[in-house]
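The values are calculated or read from the model by the stated rules, or taken from the named source; none is laboratory data. Predicted model, so just to flag it, every value in this text is computed and none were measured. Reconstructed Cβ throughout: ideal geometry from the backbone, glycine too, with neighbour counts over all protein chains shown. Note: areas computed on protein heavy atoms with side chains; ligands, DNA, RNA excluded. Shrake-Rupley method; radii C 1.70, N 1.55, O 1.52, S 1.80 Å.
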Amino acid sequence: MHVVILAGGKGVRLRPYTTALPKPLVPIGEEHAILEIVMRQLVSAGFTSCTLAIGHLGHIIRAYVGDGSQWGIRVDYATEESPLGTMGPLLTMLDRLPENFLAMNGDILTDLDFGDVYRTHVASGAPLTIATYARQVSIDFGVLTTDCDRVVGFAEKPRMDYRVSMGVYGVSRTALARYTPGLPLGFDELVLDMLEAQTPPRAYEFDGYWLDIGRPDDYDRANREFSLHRDMLIKGA
């Protein structure tokens, strides 16, 4: 099983932590980098090879990860010379990827079974599988539904339930075949194109532990909680 880890972003929202370090290498619990935790999880889930898509401060990631032998996984690299969006880096390496593979952000902390996402994707035959997570937003105001100048509905401080993308995808090469390598391709563009073509992605629903280490508050929470979830996240480490 093969995985592509998207690790080329600048981590602007996580500054100042990412001023000198790429986001996937910021430490969690003063012991492990996020990327190390992800690598250990992937190996435990049965992945044997990985392509790291690197860009900003990519030389530091390459020096840290090397060929992956320290974790028992084969690692190669694809360098992003200019920003290509979430899915754009996959186009530049498509000719050397298997028909089905996992693609994921390199800065998430979760106990998601990556192997099961991959196997479910392959079994479904879907062009794209998106791991999703339940979120809730409480609105601190009375919400009105209006029709021109008439109020036709009202809800007092409602709660909205929705599902978000976790940044983990099962991908088939056919889903990307129509796009031009070297041009930016965002996750939003890909999904909207698939919906328009009536070839919708498959949702893989997950309700375990998940943190997207995108902002300082998220990073601080990850460090506070890591000791509680360490054994669950990196078994045997």
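Report yes if some residue within region 227-234 is in contact (Cβ under 8 Å) with a residue 24 or more places away in the chain and in contact with an Asp or Glu (Cβ under 7 Å, 6 or more places away or on another chain); otherwise report no. Checked against the condition, which is being in contact (Cβ under 8 Å) with a residue 24 or more places away in the chain and in contact with an Asp or Glu (Cβ under 7 Å, 6 or more places away or on another chain), region 227-234 yields at least one hit.
Scanning region 185-198 for residues that are open to solvent by 60 Å² or more (accessible area, probe 1.4 Å) and within 22 Å of VAL164 (Cβ to Cβ) gives ASP188, GLU189, LEU192, LEU195, GLU196. Among the residues of region 96-131, those that are hydroxyl-bearing (Ser, Thr, Tyr) and open to solvent by less than 10 Å² (accessible area, probe 1.4 Å) comprise THR110, THR129. Residues that are over 26 Å from LYS23 (Cα atoms), open to solvent by less than 40 Å² (accessible area, probe 1.4 Å) and not in a loop (DSSP other than H, G, I, E, B) are absent from region 199-211 altogether.
Can you report the number of residues in region 152-193 which are in a loop (DSSP other than H, G, I, E, B) and either more than 24 Å from ILE108 (Cβ to Cβ) or free of Cβ contacts under 8 Å to residues at least 12 places away in the same chain (or both)? Within region 152-193, residues that are in a loop (DSSP other than H, G, I, E, B) and either more than 24 Å from ILE108 (Cβ to Cβ) or free of Cβ contacts under 8 Å to residues at least 12 places away in the same chain (or both) number 9. Of all residues in region 28-42, those being over 17 Å from the mean Cα position of the chain (by Cα) and open to solvent by less than 60 Å² (accessible area, probe 1.4 Å) number 3. For the structure I just gave you, tell me whether GLY208 is closer than 24 Å to ASP161 by Cβ, in contact with a Lys or Arg (Cβ under 9 Å, 6 or more places away or on another chain) and among the small types (Gly, Ala, Ser). Answer is no for this residue. Checking each residue in region 43-87 for being part of a helix (DSSP H, G or I) and over 18 Å from PRO22 (Cβ atoms) picks out VAL43, SER44.
Here the condition is being at pLDDT 90 or above, surrounded by 15 or more Cβ atoms within 10 Å (Cβ to Cβ) and out of contact with any helix residue (DSSP H, G or I) (no Cβ under 7 Å at 6 or more places or on another chain); of GLY58, GLY88, it holds for GLY88 alone. Restricting region 156-176 to residues that are of a type in the set (A, V, I, L, M, F, W, C) and within 16 Å of PRO89 (Cβ to Cβ), the residue that is surrounded by the most Cβ atoms within 10 Å (Cβ to Cβ) is VAL171.
Note on region 3-23: among residues that are open to solvent by less than 20 Å² (accessible area, probe 1.4 Å) and modelled with pLDDT of 85 or more, the one that is nearest to LEU84 (Cα to Cα) is ALA7.
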